[in-house]
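J.: Dropping a structure here in structure tokens format, bear with me for questions.
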Amino acid sequence: SRSLPGTRSPPARLVLSCPAFPMRSMTVVASRRALRFAVFAVLCFAPHPACGDFTVASIVPISLAFGAHGVDAHDDVAYVVGDGVTAVDVADVDAPTVLTTLTDPDLRGCTAVAAYTSSRGKRLAVACAGSNAVVVVDASAPNGGGLRVLGVVQDDTALRGVSSVIVRDDTLAFVTAPGVQRVVSLDLSEENAPRVLSFLALSAAHAVTFAHDSHIAVGAGNSHGGGRVTVIKYTPSGVMMKVGSIKDGRLGGKFRAVQTFPAREEFSFAATLANGGNVVLVNATTRAVPVITVHLQAQGRAAASASVPSSEEDESDDENAGWTPNGHRSLAGAVAFAAAANRIMYVASAEAGTVVGIDATDLKKPVLAHIVTDPQLRGVSDLCARGGRAAAAAAAKASAAGVTGESNETNTAPSGGGAVLFAVVPSANRLVVLRDGGGSAAAVSNDEL
């Protein structure tokens, strides 16, 4: 209620408690603005264990020189790469077990891995900047015969500083090589002798993802220049041709990740370090002229786009603020994406120590629906969903197929299902297993309340 003219409302009082700790509670006496911040701090930045359905389930120490930098999965086995590859059985998310570790002279400084299945079994393509190589690993029996190197393509020129890798079917791979400013296609059909097929010059190319209908999207940018997302068409023989590109200040800063949104493959999420951490949604429906649909950033005030309230205690502050792209502190240092079968796009943020689930029901106003914050996530470098990137994306795409909204477009709303995610933290050499219970969690349109 509002005060009479010339008077001031008494301070607001609230008792906060958490079902995880039924004997603990606290009383807050403060202004409404301070009270809103207190609620946010308790609900969104409390360390594990935390209230809610999105939590850290377990922590797995990884013994890899260079640290645990990249992760992907086959079914219930997560593969962590650094100076080698470690397989972790995560069938029991509360008690994962390290199965085996593979080391090899070519598995040095590895920062990315793509899990795929060939006619001969489960495979990994590992991108290793330390050896300027892409290594094909047999992952068919990690709990029995272990892991073994099948083939290596090593090239100090073509693959210098290789930073990301994706695989189409089991024959064609694409990597980014920022050391020589190229996107490179590889032939994996002879897995004992993979080879370079072709390359396309692209300055500061850092991350690559498959896009719609024989296209890839490449994110490029560094701390000294503007960033961009480039759409490239490819042929079955690996020949590439630029189709379109979007360069924008919101893609500035060091480029970190790009990931196609499986429910609508014309759209891709990009992460850069601009504005403290930027998540940008790029629409490439018109491939020759991709455009930015929306962006969310860590810096700025949550109410930057709101009208100025009539008083500090105005109860309509939240209504005035509404949706805004600014002040999402949980996106500070956004660094990696994981698409899950539940049609939620998850983003890991190294500086904030968070993993955030983005609800893109409204592609023009995506909201942060699920957030977990834990000190063990600070410095996170990569993220994937259970089953692996390719399998999770395929499941999300299949679940959206034939489900359309009022506009007769594919439904991008979350399915309501849960997800298990794997994050890696190089500085601590750990795998963090997260569990999202899904359901109808209330969306948080901005996490600076």
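J.: Under 20 Å from Val175 (Cα atoms), of a type in the set (S, T, N, Q) and in a strand (DSSP E or B): does that describe Thr293? Quick ask: steps written out before the conclusion?
T.: Details: under 20 Å from Val175 (Cα atoms): no; of a type in the set (S, T, N, Q): yes; in a strand (DSSP E or B): yes.
So Thr293 does not fit the description; no.
J.: Considering only the range 1-104, give the strands (runs of 3 or more DSSP E) lying wholly within it that have at least 1 residues that are at pLDDT below 50 and within 32 Å of the chain's Cα centre (by Cα).
T.: On the way: elements: 12-18, 21-30, 54-61, 70-74, 77-82, 84-89, 97-102.
So the answer is 12-18, 21-30.
J.: Shifting gears a bit: Considering every residue within the range 169-177, establish whether at least one is open to solvent by less than 20 Å² (accessible area, probe 1.4 Å), more than 23 Å from the chain's Cα centre (by Cα) and of a type in the set (A, V, I, L, M, F, W, C).
T.: yes
Residues are listed down the side, and each one gets a yes or a no for (1) at pLDDT below 55; (2) open to solvent by less than 30 Å² (accessible area, probe 1.4 Å); (3) on the phi < 0 side of the Ramachandran plot:
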| site | (1), (2), (3) |
| --- | --- |
| Ala390 | no, no, yes |
| Ala393 | no, yes, yes |
| Glu406 | yes, no, yes |
| Pro414 | no, no, yes |
| Leu421 | no, yes, yes |
| Ser427 | no, no, yes |
| Ser440 | yes, no, yes |
| Val444 | yes, no, yes |
| Asp447 | yes, yes, yes |
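J.: Could I ask something else about it? Would you tally the residues in the range 267-284 being in a loop (DSSP other than H, G, I, E, B), more than 15 Å from Ala207 (Cα to Cα) and in contact with a Lys or Arg (Cβ under 8 Å, 6 or more places away or on another chain)? Reasoning before the result, please.
T.: Here is the first cut: in the range 267-284, the ones in a loop (DSSP other than H, G, I, E, B) are 273, 277, 284.
Applying the additional criterion that residues be more than 15 Å from Ala207 (Cα to Cα) yields 277, 284.
Narrowing the set further to residues that are in contact with a Lys or Arg (Cβ under 8 Å, 6 or more places away or on another chain) leaves none.
Going through the range 267-284 one residue at a time, the tally reaches 0.
J.: State all residues of the range 246-266 that are farther than 20 Å from Phe337 by Cβ and in a strand (DSSP E or B); if no residue qualifies, say none.
T.: Step one: filter the range 246-266 for residues farther than 20 Å from Phe337 by Cβ, giving 247, 249.
Lys247, the sole residue that qualifies.
J.: If you don't mind, there's one more thing I want to ask. Collect the residues in the range 140-198 that are of a type in the set (Gly, Ala, Ser) and either in contact with a Cys (Cβ under 6 Å, 6 or more places away or on another chain) or part of a strand (DSSP E or B) (or both), keeping them in residue-number order. Give the derivation first.
T.: Start the filter on the range 140-198 by keeping residues that are of a type in the set (Gly, Ala, Ser), which leaves 140-141, 144-146, 151, 158, 161, 163-164, 173, 177, 179, 185, 189, 193, 198.
Scanning the range 140-198 gives Ser140, Ala141, Gly146, Gly151, Ser164, Ala173, Ala177, Ser185, Ser198.
J.: Given Val239, Val180, which one is surrounded by fewer than 20 Cβ atoms within 10 Å (Cβ to Cβ), among the β-branched types (Val, Ile, Thr) and free of Cβ contacts under 8 Å to residues at least 40 places away in the same chain? Steps first, answer last, please.
T.: Numbers: Val239 fails: free of Cβ contacts under 8 Å to residues at least 40 places away in the same chain.
Exactly one residue qualifies, and that residue is Val180.
J.: Being open to solvent by less than 30 Å² (accessible area, probe 1.4 Å), touching a Cys at 6+ places or on another chain (Cβ under 7 Å) and under 25 Å from Lys397 (Cα atoms) is true for just one of Ala338, Ala369. Which residue is that? Outline the logic, then answer.
T.: Numbers: Ala369 fails: touching a Cys at 6+ places or on another chain (Cβ under 7 Å).
On inspection, the qualifying residue turns out to be Ala338.
J.: Any idea which of (1) out of contact with any helix residue (DSSP H, G or I) (no Cβ under 9 Å at 6 or more places or on another chain); (2) among the aromatic types (Phe, Trp, Tyr); (3) under 16 Å from Glu191 (Cβ atoms) is the one Tyr116 doesn't satisfy?
T.: With respect to (1) out of contact with any helix residue (DSSP H, G or I) (no Cβ under 9 Å at 6 or more places or on another chain); (2) among the aromatic types (Phe, Trp, Tyr); (3) under 16 Å from Glu191 (Cβ atoms), Tyr116 is out only on (1).
J.: Give the range 194-224 a look and list any residue that's open to solvent by 60 Å² or more (accessible area, probe 1.4 Å) and either in contact with a helix residue (DSSP H, G or I) (Cβ under 6 Å, 6 or more places away or on another chain) or over 20 Å from Val134 (Cβ atoms) (or both), or say none. Show your work before the answer.
T.: Start the filter on the range 194-224 by keeping residues that are open to solvent by 60 Å² or more (accessible area, probe 1.4 Å), which leaves 195, 199, 201, 212-213, 222-224.
Within the range 194-224, His212, Asp213, Asn222, Ser223, His224 meet the criteria.
J.: Here is a list: Arg160, Arg108. Which entry is at pLDDT 95 or above and in contact with a Ser or Thr (Cβ under 7 Å, 6 or more places away or on another chain)? It would help to see each step written out before you state the result.
T.: Working: Arg160 fails: in contact with a Ser or Thr (Cβ under 7 Å, 6 or more places away or on another chain).
Every option except Arg108 fails the conditions.
J.: Before we move on, is Asp83 charged (D, E, K, R) and more than 26 Å from Gln181 (Cβ to Cβ)?
T.: Taking the combined requirement at face value, the residue does not satisfy it.
J.: Still on this structure: Could you grab me the full set of residues in the range 242-270 that are among the charged types (D, E, K, R) and either under 17 Å from the mean Cα position of the chain (by Cα) or open to solvent by less than 30 Å² (accessible area, probe 1.4 Å) (or both)? Write out each step before concluding.
T.: First, pick out the residues of the range 242-270 that are among the charged types (D, E, K, R): 242, 247-248, 250, 254, 256, 264-266.
Result: Lys254, Arg256, Arg264, Glu265.
The values are calculated or read from the model by the stated rules, or taken from the named source; none is laboratory data. Everything quoted here is computed from the prediction, not taken from an experiment. Ideal geometry is used to build each Cβ from the backbone, glycine not excepted, and the neighbour counts take in all protein chains shown. SASA here: full protein model, heavy atoms, side chains in, ligands and nucleic acids out. Shrake-Rupley method; radii C 1.70, N 1.55, O 1.52, S 1.80 Å.
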